[in-house]
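Peer 1: One structure is given below, represented as structure tokens, and several questions about it will come after.
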Amino acid sequence: MIYDCIIIGTGPAGISAAITLKIHNKSFLLFGGKNLSDKITKAEKITNYPGLPSITGKELSNAFMMHLNEMDIEITDKMVSSVISFGGNYAVTAGTDFFETKSLILATGVTSAASVKNEEKLLGKGVSYCATCDGGLYKNKKIAVISTNPRFLHEVIYLSQLAEELYFFPAYKTEGIVFPENVKTIGSFPETAEGDERLSGIMLKNGQRLEVSGLFCLRDCISPSALISEIETKEGHIAVDREMKTSLKGCFACGDCTGRPYQYVKAAGEGNIAALGVVKYLDS
Ligand SMILES: Cc1cc2nc3c(=O)[nH]c(=O)nc-3n(C[C@H](O)[C@H](O)[C@H](O)COP(=O)(O)OP(=O)(O)OC[C@H]3O[C@@H](n4cnc5c(N)ncnc54)[C@H](O)[C@@H]3O)c2cc1C
């Protein structure tokens, strides 16, 4: 099946885009997390969302979820690891599955987690964003795993079952979590991925070098240029016009990933514009 649109991201931008596409009767998939976005749930108190003068992040998240349920909009709970444009359409990879779509809405937010030097250069050459897709390549080998969210814990466990040794770099507290014996947590963080043709090791911030053949970066958000290589960016954000069109035909972007200010209302508003842009694009 070729979808009319694929939306990547379940923050206010992606949710708003999904609602508008549903109203316009388009076929689409909404990729993201079942818990929507940590950036909604973690807000203690929100006072700038019109109509909701004082609401907690959890309450806003529940309200978004109720809206999606009422409109029968399902979330495909998978991380998208790559997007390739071909023949006027887009091929989207999530885990080991591929999806084809006529148009795309990027609503991926921004990550505050620092990337590792050379990460994009060695992507596909030892660096991976997807445990399910690439884990099998590292059977009985030494690997390193960076993770920004406990939601990827099952992927870390899966990788530990394949690897000889797994150096784990979580960006969150792991007290109370029991890891398999071959998982080693180190009190520093990877700074540089080393290697020319392929990854040969990682240099940590404390100066220690670890010889690994794989580096898995399991983050909430993948940088736009790593997700879809040809896309034009400006100062680290996806370049868009006032209709939320990116430099790629049929590809729109909205929310934090298009630039500041980082705000719910701006994200939701841009999600709506991006979806209307998709409707116009499909109709033409
Ligand atoms: C603690 C905190 C408090 C805040 N308080 C306020 C406030 O009071 N008022 C206000 O206006 N703003 C506030 N903000 C800012 C606000 O959270 C953001 O501007 C808003 O969430 C941006 O929405 P978004 O949809 O662009 O992205 P996000 O909310 O970041 O959502 C993007 C989603 O896409 C998912 N995603 C990314 N890449 C992929 C991929 N490759 N595959 C699948 N899914 C993917 C991510 O996991 C994430 O769930 C706050 C932020 C924080 C962190």
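Residue-wise test of (1) within 26 Å of Ala17 (Cβ to Cβ); (2) in contact with a Pro (Cβ under 9 Å, 6 or more places away or on another chain); (3) charged (D, E, K, R); (4) away from the ligand (no atom under 13 Å from the Cβ).
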| site | (1), (2), (3), (4) |
| --- | --- |
| Glu70 | yes, no, yes, yes |
| Ile73 | yes, no, no, yes |
| Thr76 | yes, no, no, no |
| Gly88 | yes, no, no, yes |
| Thr93 | yes, no, no, no |
| Leu104 | yes, no, no, no |
| Gly109 | yes, no, no, no |
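Peer 1: Report yes if Leu29 is in a strand (DSSP E or B) and either at pLDDT 95 or above or of a type in the set (Ser, Thr, Tyr) (or both), otherwise no. Don't jump to the end; show me each part of the working.
Peer 2: On the way: in a strand (DSSP E or B): yes; either at pLDDT 95 or above or of a type in the set (Ser, Thr, Tyr) (or both): yes.
Yes; evaluated as a whole, the condition is true for this residue.
Peer 1: Only one residue in Lys78, Lys102 is part of a strand (DSSP E or B), surrounded by 15 or more Cβ atoms within 10 Å (Cβ to Cβ), in the same structural domain as Val265 (by TED's automatic domain parsing) and charged (D, E, K, R), so which one is that? First the steps, then the outcome.
Peer 2: On the way: Lys78 fails: part of a strand (DSSP E or B).
None of the others qualify; the one that does is Lys102.
Peer 1: Also: Quick one: Val265 ticks every box in (1) within 16 Å of the ligand (Cβ to nearest atom); (2) without any contact (Cβ under 8 Å) to a residue 60 or more places away in the chain bar one, so which box is it?
Peer 2: (2)
Peer 1: Restricting to segment 114-139, and then to whatever is outside any loop (DSSP other than H, G, I, E, B) and among the β-branched types (Val, Ile, Thr), can you tell me which residue is surrounded by the fewest Cβ atoms within 10 Å (Cβ to Cβ)? Break it down into steps so the answer makes sense when it comes.
Peer 2: Step one: of segment 114-139, the residues outside any loop (DSSP other than H, G, I, E, B) are 117, 123, 127-128, 131-138.
Applying the additional criterion that residues be among the β-branched types (Val, Ile, Thr) yields 127, 132.
On the way: Val127: 24, Thr132: 18.
Looking at the filtered set, the residue picked out is Thr132.
Peer 1: Being of a type in the set (S, T, N, Q), closer than 17 Å to Ala226 by Cα and surrounded by fewer than 19 Cβ atoms within 10 Å (Cβ to Cβ) is true for just one of Thr111, Thr56. Which residue is that? Spell out how you get there, then give the answer.
Peer 2: On the way: Thr56 fails: closer than 17 Å to Ala226 by Cα.
Every option except Thr111 fails the conditions.
Peer 1: Would you confirm whether or not segment 206-224 contains a residue that is under 30 Å from Asp283 (Cβ atoms) and either touching a Pro at 6+ places or on another chain (Cβ under 9 Å) or in contact (Cβ under 8 Å) with a residue 60 or more places away in the chain (or both)? Outline the logic, then answer.
Peer 2: So the first thing to find is which residues in segment 206-224 are under 30 Å from Asp283 (Cβ atoms), and the list is 224.
Restricting the remaining residues to those that are either touching a Pro at 6+ places or on another chain (Cβ under 9 Å) or in contact (Cβ under 8 Å) with a residue 60 or more places away in the chain (or both) gives 224.
Yes - at least one qualifying residue is present in segment 206-224.
The values are calculated or read from the model by the stated rules, or taken from the named source; none is laboratory data. Not measured: the values here are computed from a predicted model. We place every Cβ from the backbone using ideal geometry, glycine too, and count neighbours over all the protein chains shown.
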